[in-house]
2 protein chains.
Amino acid sequence: MQDLDSTQITEAAIAQMANTPDPRMREIMEAAVRHLHAFARETRLTPDEWLKGIAYLTAVGQACTPYRQEFILLSDVLGLSRLVNVMHDAKGREEVGTESSLLGPFFREGAPEIPMGGSIAGTSTGPEIVIFGQVTDGQGQGVPEARIDVWQTDADGLYDLQAHDPSVMEMRGQLRCDAEGRFHFRTLKPLGYSIPMDGPVGAMVRQQNRHGFRPAHIHILVAAPGYRELVTALYFGDDPNIDSDTVFGVSASLVITESLALPDAPVPGVPSVRYDFTLSRETEGGGGRVGSDPSRLMPAG
Amino acid sequence: MQDLDSTQITEAAIAQMANTPDPRMREIMEAAVRHLHAFARETRLTPDEWLKGIAYLTAVGQACTPYRQEFILLSDVLGLSRLVNVMHDAKGREEVGTESSLLGPFFREGAPEIPMGGSIAGTSTGPEIVIFGQVTDGQGQGVPEARIDVWQTDADGLYDLQAHDPSVMEMRGQLRCDAEGRFHFRTLKPLGYSIPMDGPVGAMVRQQNRHGFRPAHIHILVAAPGYRELVTALYFGDDPNIDSDTVFGVSASLVITESLALPDAPVPGVPSVRYDFTLSRETEGGGGRVGSDPSRLMPAG
């Protein structure tokens with residue numbers, strides 16, 4: 001038996017994991033141990049600080065429910081989700097493809113189907129806008145019958161899960177493009193909003209003197225057979241927090257402004273946004289979403 | 001608004017935390033973000049892998065109860081707890097002081113008081129041993145009426161919380177040394193044991209092909225006014241896993257062997273261990289335990 005100094009502990013921990021059969025798990029856990037230990041050594045982490053960290057992570061885990069994913073939110077505000085997203089894009093997105101963005105913690109499977117030109121607003125009210133455009137491939141060819149999932153806050157800045165009980169699904173919907181990949185739907189202009197501030201992540205953001213706001217945006221997921229699933233969001237350029245998104249999700253190419261003067265607008269007289277989505281071809285290892293329906297991340301039982 | 005590449009995201013996240021009023025929190029969170037991002041970049045973490053990590057941490061948090069601390073267990077098997085412990089010792093322990101070890105997840109406050117020479121075994125049965133010795137300061141002077149907390153598994157390798165319902169406290173106790181710092185108590189020879197393998201940490205240890213065992217040991221906490229609290233453990237040298245503790249807690253100076261041939265043994269005919277504990281003086285910032293009663297780490301409400 002060997003006495004371990006603070007560097008040898010790292011080696012001992014890695015040695016004890018060296019027989020992990022899955023090589024990728026071994027690689028990831030070795031790197032996790034190295035970085036975790038380097039963090040503790042660099043900060044000279046004290047027992048009290050370590051214990052605060054344990055209590056904090058425990059609180060984050062206990063805050064998770066089938067309708068709330070506090071660990072994704074933590075990853076979001078630490079910039080990790082966006083980093084994974086950017087690396088994902090660098091690997092699987094073609095140069096001309098639409099940039100992706102975060103799925104976020106409010107995506108839900110099974111949103112209501114809406115017809116072409118329909119509204120996702122449900123019982124919510126506020127200033128109406130129209131989103132329209134075309135889903136194409138990298139050569140500009142329309143992708144027939146691409147499926148679009150859309151979800152957003154209402155005009156008060158609340159997702160359905162925040163404004164209603166979980167049985168209500170609104171301000172979200174699924175629609176199918178036409179044979180040329182064209183689509184349009186009606187919705188309300190979303191309001192920027194604070195991330196949920198009533199849990200441990202909100203407490204941290206407050207202690208960091210951050211505003212905790214995301215600029216107004218509309219989440220979009222576009223899928224079609226043979227193409228890489230596109231998870232992205234469109235951000236409103238007139239939002240005061242467009243430059244300081246608390247989860248670092250904004251890209252210049254995803255910023256939009258509604259207008260009454262668009263020549264092709266399918267619903268005249270309603271402020272409209274035209275956005276064309278360009279899909280990349282499906283590649284091996286290019287799949288995966290930076291996010292999930294929260295209910296899928298709860299332990300069984 | 002700026003488009004961020006995978007390195008710029010790290011800078012953006014750190015910049016957004018730059019106004020944290022508490023300088024130590026700022027320092028720790030900046031280091032956490034840097035190391036977390038470096039880990040993700042180095043491993044080229046994919047969305048699916050990131051999501052597995054989110055689900056895993058969620059499961060660890062959900063496994064915590066007032067009687068079970070799965071995050072401490074995770075910290076333990078990754079070597080982080082021992083690392084924090086060693087740095088803690090390097091800062092606050094005098095050269096002659098007894099080495100510390102992990103508090104572990106089974107410490108409970110309010111263990112039964114036992115008289116000098118009493119037994120902590122309660123209703124448990126097995127081979128009896130006696131632990132005796134003296135608590136001294138760095139100059140070898142006895143520390144009068146030092147308080148000792150002791151806890152361990154029974155002879156089947158189970159802590160009370162694992163063998164009984166939470167209302168039962170046994171195989172643990174508190175006693176007070178005499179005016180010269182001397183103490184002795186009776187207990188059972190503990191058995192080495194597997195860490196709890198029915199939760200997410202056990203699942204990981206299994207996937208890493210680790211045995212998951214700790215060598216047999218007795219936890220000891222020694223406290224006296226003016227001295228640094230000593231959290232340590234005594235490890236039995238004849239345990240087959242003495243060189244491969246799954247939580248890296250063993251130090252050579254803490255290894256013991258019971259004997260029938262000790263001249264000062266207070267209970268003749270019972271195998272005994274003599275261990276003298278040397279306390280360091282209390283220093284600023286030298287306090288803190290690498291561990292806690294699990295119930296203290298649950299979120300309020």
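The values are calculated or read from the model by the stated rules, or taken from the named source; none is laboratory data. Since we're looking at a predicted model, the values are computed, not measured. Cβ: placed from backbone, ideal geometry, glycine included. Neighbour counts: every protein chain shown.
Quick notes on this one:
- Scanning segment B:1-20 for residues that are surrounded by 14 or more Cβ atoms within 10 Å (Cβ to Cβ), of a type outside the set (S, T, N, Q) and not in a loop (DSSP other than H, G, I, E, B) turns up B:Ile9, B:Glu11, B:Ala12, B:Ala13, B:Ile14.
- Any hit, segment B:190-199, residues being touching a Leu at 6+ places or on another chain (Cβ under 8 Å), modelled with pLDDT of 95 or more, crowded, with 18+ Cβ neighbours inside 10 Å and closer than 17 Å to B:Glu70 by Cα: yes
- The single condition from (1) within 7 Å of chain A (Cβ to nearest Cβ); (2) in contact (Cβ under 8 Å) with a residue 12 or more places away in the chain; (3) under 27 Å from B:Leu103 (Cα atoms); (4) of a type in the set (S, T, N, Q) that B:Ser6 fails is (3).
- Which numbered condition A:Pro23 misses (of (1) surrounded by fewer than 18 Cβ atoms within 10 Å (Cβ to Cβ); (2) on the phi < 0 side of the Ramachandran plot; (3) at the interface with chain B (Cβ under 7 Å from one of its Cβ atoms)): (3)
- Among the residues of segment A:46-83, those that are facing chain B (nearest Cβ under 7 Å), over 23 Å from B:Cys64 (Cα atoms) and of a type in the set (A, V, I, L, M) comprise A:Leu78, A:Leu80, A:Leu83.
- Yes/no for B:Glu99 being surrounded by fewer than 22 Cβ atoms within 10 Å (Cβ to Cβ), in contact with a helix residue (DSSP H, G or I) (Cβ under 6 Å, 6 or more places away or on another chain), closer than 30 Å to A:Asp3 by Cα and more than 7 Å from chain A (Cβ to nearest Cβ): yes
- A:Glu229 satisfies every condition listed in (1) charged (D, E, K, R); (2) closer than 24 Å to A:Ala90 by Cβ; (3) free of Cβ contacts under 8 Å to residues at least 60 places away in the same chain except (3).
- Of all residues in segment B:232-249, those satisfying the criterion of being closer than 19 Å to A:Glu11 by Cβ and free of Cβ contacts under 8 Å to residues at least 40 places away in the same chain are B:Ile242, B:Asp243, B:Ser244, B:Asp245.
- Test: residue in segment B:27-40 that is aromatic (Phe, Trp, Tyr) and under 21 Å from A:Thr58 (Cα atoms): no
- Test: residue in segment A:276-295 that is among the basic types (Lys, Arg), surrounded by 14 or more Cβ atoms within 10 Å (Cβ to Cβ), under 23 Å from A:Ile218 (Cβ atoms) and modelled with pLDDT of 85 or more: no
- Inside segment B:30-45, residues that are within 24 Å of A:Ile242 (Cα to Cα) and within 7 Å of chain A (Cβ to nearest Cβ) make up a count of 2.
- Qualifying residue in segment B:115-127 (condition: assigned to a loop (DSSP other than H, G, I, E, B), in contact (Cβ under 8 Å) with a residue 40 or more places away in the chain and closer than 28 Å to A:Glu70 by Cβ): no
- Taking the numbered list (1) at pLDDT 95 or above; (2) out of contact with any His (no Cβ under 8 Å at 6 or more places or on another chain) in turn, B:Gly122 passes all entries but (1).
- One residue stands out in segment B:84-96 among those that are hydrophobic (A, V, I, L, M, F, W, C) and more than 7 Å from chain A (Cβ to nearest Cβ): the one that is nearest to A:Ala38 (Cα to Cα), namely B:Ala90.
- Top-ranked residue of segment B:153-174 - restricted to ones that are more than 17 Å from B:Thr187 (Cα to Cα) and under 18 Å from the mean Cα position of the chain (by Cα), ranked as surrounded by the most Cβ atoms within 10 Å (Cβ to Cβ): B:Leu161
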